[in-house]
Amino acid sequence: MAQTTSFAIANDSGVAVRARINEVLAALASSNAGATAPATTAPGMLWFDTGVTPPTLRRRNAANDGWQAERDPVRMYLDSARVTLRSADGAETLADFLAGGGAYLRHDNVSRIWTTATGAEIYGALEVDTINGAALAGGFTATSDNDGTRSPAVSGGIYTPTPVGGNFRRIVNGGAFTFRPPSATGDYTLHVLMTNSATAGAVTFGSFTRVIGDALTTTEGHAFFITLEKHYGFTRAIVGALQ
């Protein structure tokens, strides 16, 4: 350890002053190396923490009330299916390669980005920890976006859902309107929950390649799942009554 209890050098005999100068210089030269933090601190001060493996260089923050890793050493582990980056504080970033050709990234069990074999990205939390090789047991969850009440007075009486912001949508039938197929680029599926209000009106499906399923009603409180599929220029609406 090369630390000092104080960087102030008091007047003293020549030998004592030289000893204190050497002590301070040793602390500065080693960036205050030690397994515990220096007793006397100041904003911007460096501390080479030898109490972790591998040792980590830390800097005192501006408020002088904590330490920040200046540059945590990172170890890389490679095998046939995974690349692991592990920092000194234990945080890990994983890149796993799936048998089907996809991959996912995960940082410290918090944020995750999945990519499929075709390159499409799926964002969400995994339901299991795969750091120890456990199999994926679930997908991801999402909160539906509220597209509000649809009626002749809203958007000219036309509702064109979009996957931007999420593939799960919900609306209220507040008056007659036209349901148009989504126009956003790409192939995808949208899931819309529609609930009838007291002023619900007739809903017309316009420009879909095909519409199948249950008949819609205007009865207050009735609800419907409407699944919209867009694939290679074709569109389909599937209506499912929930009562």
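Once amide H atoms are built 1.01 Å from N in the peptide plane, which residues 5 or more positions from residue 192, or in another chain, come under 5 Å H to H?
169, 226, 227, 228
Please provide three numbers in whole Å: the alpha-carbon extents of region 162-226 along the principal axes, with the largest listed first.
36, 24, 18
Could I have the simple spin-label model distance between residue 63 and residue 231, label points 7 Å from Cα toward Cβ, reported in nm to one decimal?
5.4 nm
If the chain between residue 39 and residue 189 were fully stretched, how many nm would it gain, using 0.36 nm times the residue separation less the Cα-Cα distance?
That works out to 48.0 nm of additional length.
Taking the Cα centre of region 178-240 as the origin and placing charges on Cβ (Lys, Arg +1; Asp, Glu -1), which of 204, 218, 234 is farthest toward the positive end of the dipole?
The Cα lying farthest towards the positive end belongs to 234.
Please list, ordered by chain and number, the residues whose modelled amide H lies under 5 Å from the amide H of residue 45; skip anything fewer than 5 residues away on the same chain.
60
Can you work out the Karplus-derived ³J(HN,Hα) for every residue in region 34-48? Use 6.51 cos²θ - 1.76 cosθ + 1.60 with θ = phi - 60°, whole Hz, and x for glycine or proline.
My calculation for region 34-48 gives x, 6, 10, 5, x, 5, 9, 10, 8, x, x, 5, 9, 9, 8 Hz in order.
Mind listing the long-range amide H neighbours of residue 205? Cut-off is under 5 Å, sequence gap 5 or more, other chains count too, H placed in the peptide plane at 1.01 Å from N.
Counting only residues 5 or more places away or on other chains, the set is 179.
Taking the Cβ of residue 205 as the centre, find all other residues whose Cβ is under 15 Å away and add up their charges (Lys, Arg: +1; Asp, Glu: -1).
After counting each charged neighbour, the total is +3.
Could the peptides 165-171, 210-216 be put in order, highest first, of the mean number of other beta-carbon atoms found within 10 Å of their residues?
Highest-to-lowest ranking by the protection proxy: 165-171, 210-216.
Ranked from highest to lowest mean number of other Cβ atoms within 10 Å per residue, what is the order of the peptides 6-18, 51-63?
The densest-packed peptide leads the list: 51-63, 6-18.
When the Kirkwood hydrodynamic radius is evaluated over all pairs of different C-alpha atoms of region 151-195, what value in angstrom, to one decimal, is obtained?
11.2 Å
Convert each backbone phi in region 165-175 into a coupling constant with the Karplus relation 6.51 cos²θ - 1.76 cosθ + 1.60 (shift: θ = phi - 60°), then list the ³J(HN,Hα) values in order as whole Hz, x for Gly and Pro.
Listing the rounded values in order: x, x, 8, 10, 10, 9, 9, 10, 7, x, x Hz.
No lab work stands behind these numbers, since they all come straight from the coordinates. All values derive from a computational prediction rather than experimental measurement. When we count neighbours, we look across all protein chains shown, and the Cβ atoms used for this are built from the backbone with ideal geometry, even at glycine.
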